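The values are calculated or read from the model by the stated rules, or taken from the named source; none is laboratory data. Not measured: the values here are computed from a predicted model. Positions of Cβ are generated from backbone atoms using ideal geometry, with glycine treated the same way; all protein chains shown enter the neighbour counts. Note: accessible area is taken over every heavy atom of the protein model, side chains too, but ligands, DNA and RNA are not part of it. Shrake-Rupley method; radii C 1.70, N 1.55, O 1.52, S 1.80 Å.
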Amino acid sequence: MYDAVSVLGGARFDLVFTGIGALCWLPSVDRWAQTVAGLLRPGGRLFLREGHPMLWATDENHTDRLVIGYPYFETPEPMVFSDGGTYVATDGVLTQTTTHEWNHGFGQIITALLDAGMTITGLVEHDTVPWEALPGLMTCEPNGEWRLTEHRERLPLSYTLQARKTSGTETVLGATHER
């Protein structure tokens with residue numbers, strides 16, 4: 001992913017979409033943000049829908065209460081998991097089941113985008129997610145989204161973030177600044 005600009009060419013795209021569960025595979029949210037900005041033309045947009053960092057920090061093995069069991073902030077070393085299953089429906093048998101994952105705090109994600117020359121144009125936290133992220137604690141809504149069965153106000157589950165690549169010159173409080 002970090003090589004996308006050299007492979008696809010820089011400043012070529014009007015839109016970059018990053019979907020739920022993509023950022024956890026990346027050790028550096030700063031490098032991701034630089035890649036996004038490098039792919040976008042000036043004025044190009046990012047649309048990100050992602051699991052909330054608080055959800056990723058929650059230990060899904062506790063089915064009777066919410067427990068913070070994993071790092072909220074990006075760490076140099078990954079969290080390492082070995083699970084025989086997958087979130088993709090398959091009849092195949094997995095032989096390589098170890099994953100390396102990183103969480104990235106909300107502030108880290110936003111700061112990385114700002115540092116990469118992006119302007120945040122929208123940010124919404126949601127109390128739903130499109131899978132049963134916390135088994136035993138969630139209810140599936142008619143639209144296919146899952147939310148906490150009780151006290152849904154206690155935990156954000158996902159968010160959408162929109163950003164625009166600045167043109168290189170921007171006006172802040174009436175003054176023009178070069179980036």
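Structure data summary
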| read-out | value |
| --- | --- |
| Helices (runs of 4 or more DSSP H) fully within region 1-64 counting 1 or more residues that are of a type in the set (Phe, Trp, Tyr) | 29-39, 53-57 |
| Search result, residues across region 16-44 that are surrounded by 15 or more Cβ atoms within 10 Å (Cβ to Cβ), closer than 16 Å to Ile110 by Cβ and not aliphatic (A, V, I, L, M) | Thr18, Ser28, Asp30, Trp32, Gln34 |
| Pick from region 65-88, criterion modelled with pLDDT of 95 or more and part of a strand (DSSP E or B), ranking: least open to solvent (accessible area, probe 1.4 Å) | Met79 |
| Which numbered condition Lys165 misses (of (1) charged (D, E, K, R); (2) open to solvent by 70 Å² or more (accessible area, probe 1.4 Å); (3) at pLDDT 90 or above) | (2) |
| Residue count, region 1-15 (criterion: open to solvent by 80 Å² or more (accessible area, probe 1.4 Å) and among the aromatic types (Phe, Trp, Tyr)) | 0 |
| Identity of the residue in region 90-113, small (Gly, Ala, Ser) and assigned to a loop (DSSP other than H, G, I, E, B), that ends up modelled with the highest pLDDT | Gly105 |
| Any hit, region 29-38, residues being aliphatic (A, V, I, L, M) and closer than 14 Å to Trp102 by Cα | yes |
| Check on Asp91, without any contact (Cβ under 8 Å) to a residue 60 or more places away in the chain and open to solvent by less than 50 Å² (accessible area, probe 1.4 Å) | no |
| Sole residue being more than 11 Å from the chain's Cα centre (by Cα), farther than 16 Å from Trp102 by Cα and modelled with pLDDT under 95, chosen from Asp3, Asp14 | Asp3 |
| Test result for Leu113, among the hydrophobic types (A, V, I, L, M, F, W, C), open to solvent by 20 Å² or more (accessible area, probe 1.4 Å) and either farther than 22 Å from Leu15 by Cα or in contact with a strand residue (DSSP E or B) (Cβ under 7 Å, 6 or more places away or on another chain) (or both) | no |
| Any hit, region 30-52, residues being touching a Pro at 6+ places or on another chain (Cβ under 9 Å) and aliphatic (A, V, I, L, M) | no |
